[in-house]
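Data first, discussion second: the structure below is written as structure tokens.
Derivation of every value follows stated rules applied to the coordinates shown; laboratory data play no part. Because the structure is a prediction, the values reported are computed rather than measured. In this analysis, Cβ positions are derived from the backbone assuming ideal geometry, glycine residues included, and neighbour counts consider all displayed protein chains.
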2 protein chains.
Amino acid sequence: MNGDKTVTACALIIGNEVLSGRTADANLNWLATQLTEDGITLKEARVIPDVVDVIVDTVNECRAKFDYVFTTGGIGPTHDDITASCVARAFGVEIERNPEAVALLESFISKDRLNEARLKMADIPAGAELIGNPVSKAPGFKMENVYVMAGVPSIMRAMFDGFRHTLTGGPKVQSISVATMLAEGTVASGLSDIQDRHPKVDVGSYPYFRDGKFGVSLVCRSSDVADLETTAEEVRALIRSLGGVPLDEDLANDNSSDKFDTGD
Amino acid sequence: MNGDKTVTACALIIGNEVLSGRTADANLNWLATQLTEDGITLKEARVIPDVVDVIVDTVNECRAKFDYVFTTGGIGPTHDDITASCVARAFGVEIERNPEAVALLESFISKDRLNEARLKMADIPAGAELIGNPVSKAPGFKMENVYVMAGVPSIMRAMFDGFRHTLTGGPKVQSISVATMLAEGTVASGLSDIQDRHPKVDVGSYPYFRDGKFGVSLVCRSSDVADLETTAEEVRALIRSLGGVPLDEDLANDNSSDKFDTGD
């Protein structure tokens, strides 16, 4: 916990296959959820292609702009795995075969199979610290505030879980979500007044269609619990004043859609 | 079809709820797939928060850099729906109540319910063209090369399908995908040679774990069909030369993970 300062992060999803539509990214939502739990505010995410200049420029822009940068993808053995060399270039350092990484690969891959392509997975920017990979050994790495992880979800998660305790979060943002069957357009005006009265609380409106019914989740988010609870109580009162029934809901990811006005 | 020129696009997913992890984006993969089919290359995607300066700056950076910009999210009736006013600011134009948009809302929402909040959905940047919304009427809009759509997946898709025929794609990128049970590290060296021989074909390597078995999909992508077929045949020959069996597969999105080396 880093005092009152907001701690920011950016996620870089690296891979042509996500941009072509071949693969649906399965990392961003998980990562966003973990960071929120740890008091780290994900300010932006970018999906970028396996193109040297784009990766180098994006890493340099984002590492200057955010407290943490987390990358996924592009650290395997094939020619299109260029994340490590691009991060080295972004930092202006050499990429070198890391003995510790070689030892990890040797512990997992028999000697006759440890060819040059697989050894490439031990090429790490000079000065970087390795990030452990309990699944398939080939490590990620951390270079200053940039954390380079695999794109395979199970490996990315294991890597993140391994270094997670070393991250320094800010005040943890808490949430209270109140659902109603009233339409967005019905609550909008009162909701805006509530937001104006509580500028330090982020009041969001997320319509959904669930079990054959339309509704809207009104989500209050803040690191100030007292302000948060007052705001949520005002949201409940607003719903009641409009003839609705406020329903507190837990904030488990419901994959509901974003903005919807039924005109109801 | 725009001659031989690559036509580029950027997707902007606008919404705090995606960055907090509350909502998993369900638009990017669909949009990427459609654009690829239409010969438009999605070069980048960004998830950005409901923050005026960030939206304005990102829209301006991306509309200068890419042929098309597609935004999703933030065009509903509540105070946190600020995409339209931000796009107006990015273009340096006023936002104004659009009579055509008002008529659309009036056709769908009864007069006693058409309050000021809902009418806000008819506030459109001056000079923009409306994008139809067959689901709930509240329109999106197009301002030069920027297409502003709803965040709700069903509405976003309906909006895109409505203007899709007006987009001008470049040469359509075709794909051939060949799967093998060989490991990535085994095919990597030969695959790199194939990529070097065919610089205009994008050769990607995507490991997967399916039906209890590891394998890798080797995907060749190019708008030059002859070059593509030669490359794919070389990939099949490489697999055979390493003792594997090449299996042609169709390119339906399999949600498989990205990079994986089993060390097998």
Residue that is of a type in the set (Ser, Thr, Tyr) and more than 8 Å from every other protein chain (Cβ to nearest Cβ), where the choices are A:83, A:78: A:83
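Evaluate the following for residue A:72: is it within 11 Å of another protein chain (Cβ to nearest Cβ), crowded, with 17+ Cβ neighbours inside 10 Å and within 24 Å of the chain's Cα centre (by Cα)?
yes
Just wondering, is there one or more residues in the range B:229-241 that are part of a loop (DSSP other than H, G, I, E, B) and away from chain A (no Cβ under 13 Å)?
no
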Among the candidates A:54, A:47, residue that is surrounded by fewer than 18 Cβ atoms within 10 Å (Cβ to Cβ), at the interface with chain B (Cβ under 8 Å from one of its Cβ atoms) and within 26 Å of the chain's Cα centre (by Cα): A:54
Scan of the range A:161-216 for residues that are charged (D, E, K, R) and touching a strand residue (DSSP E or B) at 6+ places or on another chain (Cβ under 7 Å), ordered by number: A:184, A:200, A:202
Of residues in the range A:65-85 being part of a helix (DSSP H, G or I) and of a type outside the set (Val, Ile, Thr), the one nearest to residue A:42 (Cα to Cα): A:65
Test result for residue B:33, buried (at least 21 other Cβ atoms within 10 Å of the Cβ), within 8 Å of chain A (Cβ to nearest Cβ) and among the polar types (S, T, N, Q): no
In the range B:1-30, the residues that are under 21 Å from residue A:51 (Cα atoms) and in contact (Cβ under 8 Å) with a residue 60 or more places away in the chain: B:4, B:5, B:6, B:7, B:8, B:9, B:10, B:11, B:12, B:29
Residue list for the range A:86-115, filter: out of contact with any Asp or Glu (no Cβ under 9 Å at 6 or more places or on another chain), in a loop (DSSP other than H, G, I, E, B) and within 10 Å of another protein chain (Cβ to nearest Cβ): A:110, A:115
Filter result for the condition that a residue is assigned to a strand (DSSP E or B), under 19 Å from residue A:149 (Cβ atoms) and hydroxyl-bearing (Ser, Thr, Tyr), over A:23, A:8: A:8
Candidates B:119, B:19 - the one that is within 30 Å of residue A:23 (Cα to Cα), among the aliphatic types (A, V, I, L, M) and either within 11 Å of another protein chain (Cβ to nearest Cβ) or under 16 Å from the mean Cα position of the chain (by Cα) (or both): B:19
Hey, residue A:66 surrounded by fewer than 23 Cβ atoms within 10 Å (Cβ to Cβ) and either over 17 Å from residue B:24 (Cβ atoms) or touching a strand residue (DSSP E or B) at 6+ places or on another chain (Cβ under 6 Å) (or both) or not: yes
